[in-house]
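Asks: Got a structure for you, questions after.
The values are calculated or read from the model by the stated rules, or taken from the named source; none is laboratory data. Since we're looking at a predicted model, the values are computed, not measured. In this analysis, Cβ positions are derived from the backbone assuming ideal geometry, glycine residues included, and neighbour counts consider all displayed protein chains. Note: areas computed on protein heavy atoms with side chains; ligands, DNA, RNA excluded. Shrake-Rupley method; radii C 1.70, N 1.55, O 1.52, S 1.80 Å.
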Amino acid sequence: MFDNLSDKLDKAFHILKGHGKITEINVAETLKEVRRALLDADVNFKIAKDFTTKVKEKALGQDVLTTLQPGQLLVKLVKDELTELMGGDVAGINLSGNPTVILMAGLQGSGKTTFSGKLANYLLTKKNKKPLLVACDIYRPAAIQQLYVVGDSIGVEVYSEPENKNPVEIAQNAIKHAKANGFNVVIVDTAGRLAVDEEMMNEIERVHKAIEPQETLFVVDAMTGQDAVNTAKTFNERLNFDGVILTKLDGDTRGGAAISIKSVVNKPIKFVGTGEKMDAIDVFYPIRMAERILG
Ligand code: GDP
């Protein structure tokens, strides 16, 4: 399985070393383990295949066969490449606006409202900001209520217009309200559907155009595997978003979505959600994720 891939690779090479020459075939066989692990983690087949092909080329180019500890070198190569595949460095968040406008997009249930609260709490407590949360879901009164519960729990004001059925107007009015009342970050939580539909995409596209956010963040449930990639693709085509938020990483997921999404839409993963509580938010570190994947 996935957890001890490092150990496995190490052992595989160790055994081989004791019994003579390590060959190119041995390297290929070992990298097959890596590929299997990536597939287990729900990484798209082509991405997993391309990845191992690349590592193999690098390994052979670096004379992994003749080094004293080829297993360790291969593990390092795999880890470095995985880190690179997930963006390499930490991607920051652009807070340059006055106020900074952040638009949250994603399917219903992906964790948008929860993450909006977590981000507000993070900016309030860690970045010394004064955030305003905006409820732009005009279809589900319960969603507005949920944002109020979230806002109350972290001491952040929530802006809503329950009678208004125009999310563009609500978002614009919220920004005016923020300017007039000294809020320097506006986090707009939008409506989501259970599946991508044209009406929803048109609506969020209109909101996006009207408020010109500094950050458009696509929220996706890490547990949804391959589906996450397709949803990310659709949202990116319409919104050209700035970053990805991977939620529910505390669940039983290997995190393969992180690799697939980054490979397919080429946008950085900025934060991860690791629980239902307001402090269950982490900046996304590609190297940590690579280590988690390798065990
Ligand atoms: P929305 O419809 O996109 O706004 O999604 P919600 O924020 O309402 O989240 C849907 C469900 O997922 C709720 O029950 C949340 O408590 C839960 N949830 C959100 N983020 C996380 C997370 O990082 N980990 C876990 N375990 N649950 C989460």
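Asks: Within the stretch 131-139, identify whether any single residue is within 13 Å of the ligand (Cβ to nearest atom), more than 24 Å from the chain's Cα centre (by Cα) and of a type in the set (F, W, Y), and answer yes or no.
Replies: Yes, that holds for at least one residue.
Condition check ((1) open to solvent by less than 40 Å² (accessible area, probe 1.4 Å); (2) closer than 18 Å to T224 by Cα; (3) within 14 Å of the ligand (Cβ to nearest atom)) across all residues:
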| residue | (1), (2), (3) |
| --- | --- |
| K262 | yes, yes, no |
| I269 | yes, yes, yes |
| G275 | yes, yes, yes |
| Y285 | no, no, no |
| I293 | yes, yes, no |
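Asks: Continuing with the same structure: Anything in the stretch 114-165 that is under 21 Å from L246 (Cβ atoms) and in contact with a Pro (Cβ under 7 Å, 6 or more places away or on another chain)? List them, or say none.
Replies: A120, L123
Asks: E237 - would you say it is of a type outside the set (S, T, Y) and within 23 Å of A174 (Cα to Cα)? Spell out the reasoning first.
Replies: Numbers: of a type outside the set (S, T, Y): yes; within 23 Å of A174 (Cα to Cα): no.
Criteria not met by E237.
Asks: Of all residues in the stretch 157-179, which are closer than 15 Å to I102 by Cα and not in a helix (DSSP H, G or I)?
Replies: V158, Y159
Asks: Considering only the stretch 212-233, how many residues are within 16 Å of the ligand (Cβ to nearest atom), over 23 Å from L39 (Cβ atoms) and more than 13 Å from the chain's Cα centre (by Cα)?
Replies: 0
Asks: Within the stretch 194-207, track down each residue that is under 20 Å from the mean Cα position of the chain (by Cα) and closer than 26 Å to P131 by Cβ.
Replies: The one that is under 20 Å from the mean Cα position of the chain (by Cα) and closer than 26 Å to P131 by Cβ: I204.
Asks: Looking at T253, T247, which one is under 26 Å from V78 (Cα atoms), in contact with a strand residue (DSSP E or B) (Cβ under 8 Å, 6 or more places away or on another chain) and within 16 Å of the ligand (Cβ to nearest atom)?
Replies: On the way: T253 fails: in contact with a strand residue (DSSP E or B) (Cβ under 8 Å, 6 or more places away or on another chain).
Result of the check over T253, T247: T247.
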